Amino acid sequence: MDENFSLRAALKSDEALHSCIDNRDKYLPESVEAAVTELQNRGVVFSDEELKVISEDMQARREIAETGTGIFGIFNTGWNNNMVEDPDAPAFFSKRAIFAFAVLFSVFFGSILLAINVSKTKNRGSTILVILYGLGFTMAQGVIARSYHMDPFFSLITSIAGAYIMDNLFWNRYIGNSTLYKARPIWVPLVIGLAIVIPYLVIVLYYGKLPV
């Protein structure tokens, strides 16, 4: 077991440790296992049946995580199988949030959120690759749209494709589809995105098109 989980468990009250075990579907398996061990060290006795049930639940949790879906999995009921409420879990912008920002604001914007996630992992050195992908894709998307006078539907479809490629290239490789995480709030990037998009829309509505 990771020593970090053992140390965190040692700092928690009995009540917090029992709550972790009782609500184990919301916690990392490592946190639950550390809670059991710490309570045992404090003299709490678990029956063999209780330990068996907890062990089976944690194995099932890991197996569910291993079935983590790609970007299009956000449309089914199991899209949040990899999300937990454990305060010790890494905080990432969710796949659903990244997909939404990539489609509504730009693949570049979505890539920034994903890059922030990657920066929290052991693959933090690859953060720049994620950003460069988003920037390059968005620039190419804009050049093609202008050169061939594509309608907004083109941007929508290519943004969905860009988000899909980004998920497979970077989330799957640098974070892992089976990684359990807690969802990071999106309010700050949402405000930034709206602050960028609203003036753009005002100009389009006022001029009928963007001034060159």
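The values are calculated or read from the model by the stated rules, or taken from the named source; none is laboratory data. Note that the structure is a prediction, hence the values are computed from the model and not measured. Glycine gets a Cβ as well: all are built from the backbone with ideal geometry, and neighbour counts include every protein chain shown.
For segment 53-87, the set of residues classified as modelled with pLDDT under 75 and assigned to a helix (DSSP H, G or I) consists of 71, 72, 73, 74, 75, listed by residue number. Against the condition hydroxyl-bearing (Ser, Thr, Tyr), assigned to a loop (DSSP other than H, G, I, E, B) and modelled with pLDDT of 90 or more, how does residue 158 come out, does it pass? Taking the combined requirement at face value, the residue does not satisfy it. Restricting 203, 160 to those that are more than 30 Å from residue 28 (Cβ to Cβ) and within 22 Å of the chain's Cα centre (by Cα) reduces the list to 160.
Residue 133 fulfils the conditions (1) of a type in the set (Ser, Thr, Tyr); (2) buried (at least 18 other Cβ atoms within 10 Å of the Cβ); (3) under 30 Å from residue 8 (Cβ atoms) except for a single criterion, (3).
Those residues that are among the hydrophobic types (A, V, I, L, M, F, W, C) and part of a helix (DSSP H, G or I), I need them from segment 9-50; list them, please.
Selection gives 9, 10, 16, 17, 20, 21, 32, 34, 35, 36, 39.
On the given criteria, is residue 124 charged (D, E, K, R) and either assigned by TED's automatic domain parsing to the domain that holds residue 60 or touching a Phe, Trp or Tyr at 6+ places or on another chain (Cβ under 7 Å) (or both)? It is false that residue 124 is charged (D, E, K, R) and either assigned by TED's automatic domain parsing to the domain that holds residue 60 or touching a Phe, Trp or Tyr at 6+ places or on another chain (Cβ under 7 Å) (or both).
So if I check each of 192, 157, 196, which one is over 27 Å from residue 67 (Cβ atoms), β-branched (Val, Ile, Thr) and in contact (Cβ under 8 Å) with a residue 60 or more places away in the chain?
196
Quick one: residue 127 ticks every box in (1) surrounded by fewer than 19 Cβ atoms within 10 Å (Cβ to Cβ); (2) among the β-branched types (Val, Ile, Thr); (3) under 16 Å from the mean Cα position of the chain (by Cα); (4) assigned to a helix (DSSP H, G or I) bar one, so which box is it? Here residue 127 clears every test but (1).
Taken over segment 36-60, residues that are small (Gly, Ala, Ser) and under 17 Å from residue 5 (Cα atoms) amount to 1.
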